[in-house]
């Protein structure tokens, strides 16, 4: 019998509705049959809604929570004040090993803080990172860190290369994903000391069978899809991600204005609306933006706070794929291979 | 009689054709009649082409150059080896005060190096910065530094705030432009020490009549147009700019695919093609991407290496506006006001 994986889902504290969450979980369950869910939230509402999905209902445990973390809560405050929030209880279920992973749509800072305190960092990794899957011209790539750790140090960049490669090898099914370090140019002389140090180290490791270091990549290379993994510090990664989101929104807004500008362009829009929808779906942050907290003793995934059911099911699929391919074991294999170098 | 401004234009070493350059200069000259040009390049070709534009012909001096800087030349090499390049001669004309500003389409690193060595930094400013005008949901904003100075220091950030405010006040005709520091969150506790120091300093200066410090802004706020000026270090700015370019290109590519996906969407595209063109024009980096080197004793502007005539005329207009409003005097006024605080 195949192994069953349990996912703890925090349904409170974001604009993502519990209805979208349940619909998304159900969709993913139809594709990944060995899934079980612990769903933390308003039991009465959840009970009524989940009855629409027979299989999901059978595979889920509902845990009633009243307290939740709001988007405005400061991570430093909640540790003492909110000791029974749905988010914390979801994380505790992993700490207590009654669950394998956590999915949340809420406050990222709080999720990070709770995770660090309760699930803790893998012994093999210095600091956790947030990774995300970016669409690009060739398909998708992994970019990290997107804001977990804004300190700049070559060791964190190397850790991020290991975490990103582990993710990419599982999600994209490639044995040795190419790794680029985000920099302001491709020449060796570019960049800060910690970047040059990390590049030297990764070059040396490139003759192991796992690490496939490409070299420096620039901001536009993320969308070009030059490498499977793009490694950066949490400060640069966070600004890069949000710049991309802002640009996509600006593009979309101009496009909407343009299509409303005349009757003919309105007809044009109507005729091409299916095509337009596919573009939106391919780039929509509500579908793509889940941040995967890597480097902890268990997987924690934060989805966009305005996710719709498609985004929920997408994230739930990713978690299943990472669990069933034992991503943390993969990370340990990387570290072992590097240490034996 | 109104003052006449002379602009030195380097026409060699990029993919922008001399034909586009002359057409663009001519367009700008029709709008800014007190302009003169020194045009550095292949005299024979230029002479033939410029005869198409009577006014431009009358207002221009052609300077024949054979040597040019290629995109692959390393800044460190050219100083000794290329002593009569069109780019260097354009810069020398400013140093010798026979011209007021330089426009080039070539190698940015070389242009920076030549400018620093020959035009030199303003006494009032620690390090020059590259500024750019970004389209946003409300109009446009100034973002800097985009790669001139990748070192992180609060003093550079404050200089960038002064340079950016001077630019924005002239180009957007506002007396006290709002300034944001690019960061990974809006809360005071976010960011590195140099960011916090710069924020403290700018907050203190905010009761002068010139400095209007807003606070921290995030990557998506650039496109949202939250502030008139966005200040960052050259490393982060460069990656942010290139990420935005890459995202716009990805969006455009998906859109093109989508419109080709069926006959109906092709017809839709045809009907909405005018509207689509306006979107492209509003976001096209060939129109918008000129980097303004600020903080030197004279203005140096680098345009995208694939600029078309519209981009050339846009950049030439901007230079005229900055010259006729004496941008460097403006910078000095800012610094004086701050020092008297």
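Name the single residue that is surrounded by the most Cβ atoms within 10 Å (Cβ to Cβ) among those in the range B:189-200 being in contact with a strand residue (DSSP E or B) (Cβ under 9 Å, 6 or more places away or on another chain) and away from chain A (no Cβ under 11 Å).
Among those residues, the one meeting the criterion is B:198.
Residue under question is residue B:286, and the condition is that it be within 13 Å of chain A (Cβ to nearest Cβ) and either surrounded by fewer than 22 Cβ atoms within 10 Å (Cβ to Cβ) or at pLDDT 85 or above (or both); does it hold? Give the derivation first.
Details: within 13 Å of chain A (Cβ to nearest Cβ): no; either surrounded by fewer than 22 Cβ atoms within 10 Å (Cβ to Cβ) or at pLDDT 85 or above (or both): yes.
Against the criterion (within 13 Å of chain A (Cβ to nearest Cβ) and either surrounded by fewer than 22 Cβ atoms within 10 Å (Cβ to Cβ) or at pLDDT 85 or above (or both)), residue B:286 does not qualify.
Would you check which residues across the range A:84-112 are without any contact (Cβ under 8 Å) to a residue 60 or more places away in the chain, within 16 Å of the chain's Cα centre (by Cα) and surrounded by fewer than 24 Cβ atoms within 10 Å (Cβ to Cβ) and list them?
Hit for the range A:84-112 is A:109, nothing else.
Go through the residues of the range A:160-181 one by one and say whether even a single one is within 14 Å of another protein chain (Cβ to nearest Cβ) and touching a helix residue (DSSP H, G or I) at 6+ places or on another chain (Cβ under 7 Å).
Initial filter on the range A:160-181 (within 14 Å of another protein chain (Cβ to nearest Cβ)): A:180-181.
Next, only the ones that are touching a helix residue (DSSP H, G or I) at 6+ places or on another chain (Cβ under 7 Å) stay: A:180-181.
Yes: the range A:160-181 contains one or more residues that are within 14 Å of another protein chain (Cβ to nearest Cβ) and touching a helix residue (DSSP H, G or I) at 6+ places or on another chain (Cβ under 7 Å).
Residue under question is residue B:117, and the condition is that it be in the same structural domain as residue B:202 (by TED's automatic domain parsing) and over 28 Å from residue B:59 (Cα atoms); does it hold?
The answer is no for residue B:117.
Which condition does residue A:40 not pass, out of (1) surrounded by 22 or more Cβ atoms within 10 Å (Cβ to Cβ); (2) more than 28 Å from residue A:78 (Cβ to Cβ); (3) touching a strand residue (DSSP E or B) at 6+ places or on another chain (Cβ under 8 Å), if it passes all the others?
(2)
For the range A:233-265: of the residues being in contact with a helix residue (DSSP H, G or I) (Cβ under 7 Å, 6 or more places away or on another chain) and more than 8 Å from chain B (Cβ to nearest Cβ), which is surrounded by the most Cβ atoms within 10 Å (Cβ to Cβ)?
Applying the filter and picking the extreme gives A:233.
The values are calculated or read from the model by the stated rules, or taken from the named source; none is laboratory data. Worth saying up front: this structure is predicted, and the values here are computed from it rather than measured. So basically every Cβ, Gly included, is an ideal-geometry build from the backbone, and we count neighbours across all protein chains shown.
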